[in-house]
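A short reminder: the numbers here are calculations on the coordinates, not readings from a lab. All values derive from a computational prediction rather than experimental measurement. FYI the Cβ positions are ideal-geometry reconstructions off the backbone, even for glycines, and counts take in every protein chain you see.
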Amino acid sequence: MNAVKTKDKLKEIVKTLRVDVVKSLAEAGSGHLGASLGLADVFAVLYFHIMRHDPQNPGWEERDRLILSIGHVAPVYYAALARSGYFSVEELKTLRKLGSRLQGHPGRDHGLPGIELSAGSLGQGLSVAVGMALAAKLDRRSWRVYSIHGDGEMQEGSVWEAAMSAAHHKLDNLTALIDRNFVQIDGETSRVMEIEPLKEKWEAFGWKVFQCDGNDTEALIETYSKARAVAGQPSVIIARTKMGKGVKTIEDDYRWHGKAPSPEEAEDFIKQIEDENV
Ligand SMILES: [Mg+2]
């Protein structure tokens with residue numbers, strides 16, 4: 001698909017994704033709001049600018065793969081897929097409904113086009129991403145793998161085993177992104193289990209590390225472009241985001257990790273998103 005070029009258009013898409021998230025969660029009455037809002041810029045940049053993909057042909061062999069390890073941000077994933085044209089925007093209303101293709105965590109066997117991995121058990125996505133990137137290398141294919149992880153996931157040992165393996169195999173066709181919002185379900189990451197110094201850890205594991213503002217579409221585009229140019233080693237972007245971004249009254253509040261807005265709150269949140277000056 002053609003990349004969206006203009007800055008304003010991308011920012012408009014980010015807002016649209018955030019509004020979709022709030023609406024679908026309010027309709028469902030449950031779901032994960034905070035990080036879904038915080039990652040809207042990343043999803044907009046990947047699906048509308050960076051990734052090579054074709055919504056009309058979801059199984060296209062040459063497509064770039066998005067491995068979503070942080071499966072509970074499914075609402076923003078679904079919104080990005082729908083707005084890209086994988087399925088109708090109308091279907092977003094079925095989030096978490098019985099029999100829906102849009103379950104609380106993405107499942108490959110629910111028949112929803114565009115889903116690469118059934119996710120929800122945290123800490124597993126990087127291993128899958130490494131396997132896919134290695135397969136592309138072995139087959140001498142040019143497609144790339146992009147993965148998205150929560151910062152809380154950095155507390156999982158399997159992440160580091162996968163990280164070691166990616167560097168060993170020199171997987172420069174893999175770019176991971178860490179949603180560095182400093183919070184997880186139970187509070188601040190530093191309180192639950194400190195993960196710093198994160199940059200130094202990834203470097204020690206042989207990765208090229210980038211850091212950027214994950215709520216700045218231009219910074220993300222620039223950083224992804226640099227990551228794509230890295231040769232001989234995998235790359236990771238530590239992206240500083242705000243949980244609940246776009247809704248000022250809940251930003252950085254971990255209590256909105258897994259909570260849905262009431263209909264009245266949703267109305268207020270949507271207004272805040274639309275009024276935000278970006
Ligand atoms: Mg987090």
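The dipole here belongs to the chain: it is taken about the Cα centre, uses +1 on the Cβ of Lys and Arg and -1 on the Cβ of Asp and Glu, and is about 780 debye.
Specify whether the C-alpha gyration tensor of the range 170-278 places it in the rounded, prolate or oblate class, a ≥ b ≥ c being the square roots of the eigenvalues: rounded for a/c under 1.5, otherwise prolate if a/b is larger than b/c and oblate if not. Each step should come with its number before you reach the end.
Numbers: a/c = 3.25, a/b = 1.70, b/c = 1.91.
It comes out oblate by the Cα gyration axes.
Of the residues 118, 36, 142, the one that moves most in a GNM of the chain with alpha-carbon contacts below 10 Å is 142. Taking the chain as a Gaussian network of alpha-carbon nodes connected by springs under 10 Å, the highest mean-square fluctuation of the residues 218, 90, 153 belongs to 90. Helix 263-275 and the longest principal axis of the Cα set of the chain meet at an angle near 60°. With the convex hull drawn around the C-alpha atoms of the chain, the volume per residue stands at 112 Å³.
Mean-square fluctuations from a GNM of the chain, with a 10 angstrom spring cutoff on Cα atoms, peak among 181, 57, 173 at 57.
Kindly provide the helix-only [θ] at 222 nm of the chain, computed as the sum of -39,500 (n - 2.57) over DSSP H runs of four or more divided by all residues, to the nearest 500 deg cm²/dmol?
Values: 10 runs with 107 residues, N = 278.
Taking each H run of at least 4 residues, the total per residue is -11500 deg cm²/dmol.
3J(HN,Hα) along the range 149-159, derived from phi through the Karplus expression 6.51 cos²θ - 1.76 cosθ + 1.60 where θ = phi - 60°, amounts to 9, x, 6, x, 5, 5, 7, 8, x, 5, 4 Hz, with x in place of Gly and Pro.
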